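Here's the structure we're looking at; comments come further down.
The values are calculated or read from the model by the stated rules, or taken from the named source; none is laboratory data. The shown structure was predicted, so the numbers you read here are calculated from the model rather than taken from an experiment. Here the Cβ positions follow ideal geometry from the backbone for every residue, glycine too, while neighbour counts run over all protein chains shown. Protein only, heavy atoms only, side chains kept; ligands, DNA and RNA dropped before computing areas. Shrake-Rupley method; radii C 1.70, N 1.55, O 1.52, S 1.80 Å.
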There are 6 protein chains.
Amino acid sequence: MPTIFFYGPRLDKDKSRDMIQSFTETASRLTGIERSAFVVYLRESGPENVGVGGELLEDRLKSRDRK
Amino acid sequence: MPTIFFYGPRLDKDKSRDMIQSFTETASRLTGIERSAFVVYLRESGPENVGVGGELLEDRLKSRDRK
Amino acid sequence: MPTIFFYGPRLDKDKSRDMIQSFTETASRLTGIERSAFVVYLRESGPENVGVGGELLEDRLKSRDRK
Amino acid sequence: MPTIFFYGPRLDKDKSRDMIQSFTETASRLTGIERSAFVVYLRESGPENVGVGGELLEDRLKSRDRK
Amino acid sequence: MPTIFFYGPRLDKDKSRDMIQSFTETASRLTGIERSAFVVYLRESGPENVGVGGELLEDRLKSRDRK
Amino acid sequence: MPTIFFYGPRLDKDKSRDMIQSFTETASRLTGIERSAFVVYLRESGPENVGVGGELLEDRLKSRDRK
């Protein structure tokens, strides 16, 4: 029954598989709950929809690129 | 003021209506709070972004189809 | 795999059972996914931690009681 | 470390910036935690995926427009 | 209908009021949606249940205090 | 900036540390984002507040114990 949400950048298929497998193994080992009970949601969040330190992430990444 | 989030497959318009109406009625009846106070969010989650039992749901559905 | 979150007042045991059963039945019927795949989280949210219309819910309920 | 999620309509870039800046300033001032520690997620939620008072928001907006 | 979640430290009553009022005003101004439609959830998250940079926040705060 | 939420049973301090460290390392490796940018929330969810397969988890665990 445990559930994990990841909010972050889009991952390609192989990285999605890796993250789901790794999170599930870790969480199953630490809780003692069987792997089959775990659900992981990968919730993509683009830089135009995230703020960090009061700034749009998109703006922050651009200003970093310019330097 | 209560809020309900549904994370699952995309629903067509009629099923979306049905789910919203049914969740709201149930929750209003059980809490005693008027229906107008309820908000329901349908958050679509495709099989390429969900893991079940440590596996990408997309992979799991494909391997089931092959059998 | 679908997951439902309910943010609202504390429910007693019988109402919790009823909400979980009813949400799961509705969602299973509308998605065609078997009941066993559904997880429902009841996340209690007291009036001292919720704001409605810009006001603390606790304040709003008190001022309503006074009338 | 605090995190804020906004579920609502899509905002244009300037309004996204304004919301992120304003939420972060308010939350930093009230918690005493430095601005750099805050993350804000703007999670768009269209009227075809939200229910209000038991009705699909899309339907509600249409019926209001007709009046 | 928009909904805001704040995950962070416990706030006293006056700060809770201030945060709810300020978030709601900002969000109402930027979306053009009336204040009465907004719900804000303050979800307390103690340092024993948060990780920052791979470390339990509680550990990080202690080690900072020692310095 | 990425954020991870874990909804599941209460963990003791050492397991909380382990989960936070492991999730952060995995996610940092797969996204290429530095560890310091990650926040993990451990959101405890007791068996009296979770439903699995339409049943209160508390009831399900009890009936399993009786067998």
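Tabulated data for the structure shown
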item: Candidates D:28, D:22, D:63 - the one that is touching a Ser or Thr at 6+ places or on another chain (Cβ under 8 Å) and assigned to a helix (DSSP H, G or I); result: D:22
item: Filter pass, residue B:57 being within 12 Å of chain A (Cβ to nearest Cβ), closer than 15 Å to residue A:20 by Cβ and out of contact with any Phe, Trp or Tyr (no Cβ under 8 Å at 6 or more places or on another chain); result: yes
item: Given (1) assigned to a helix (DSSP H, G or I); (2) closer than 12 Å to residue E:52 by Cα, number of the condition residue F:1 does not satisfy; result: (1)
item: Some residue of segment D:31-50 being of a type in the set (A, V, I, L, M, F, W, C) and modelled with pLDDT under 95; result: no
item: Segment C:6-23, subset farther than 25 Å from residue E:44 by Cβ and acidic (Asp, Glu), residue least open to solvent (accessible area, probe 1.4 Å); result: C:18
item: Residue, farthest from residue E:20 (Cα to Cα), within segment D:1-39, restricted to residues that are within 12 Å of chain A (Cβ to nearest Cβ) and among the hydroxyl-bearing types (Ser, Thr, Tyr); result: D:36
item: Subset tally (residues that are within 12 Å of chain B (Cβ to nearest Cβ) and β-branched (Val, Ile, Thr)) for segment D:40-54; result: 2
item: Candidates F:31, F:26, F:3, filtered to the one that is under 20 Å from residue E:5 (Cα atoms) and open to solvent by less than 80 Å² (accessible area, probe 1.4 Å); result: F:3
item: Residue ID - nearest to residue D:23 (Cα to Cα), chosen from residues in segment A:40-54 that are open to solvent by less than 20 Å² (accessible area, probe 1.4 Å) and in a loop (DSSP other than H, G, I, E, B); result: A:54
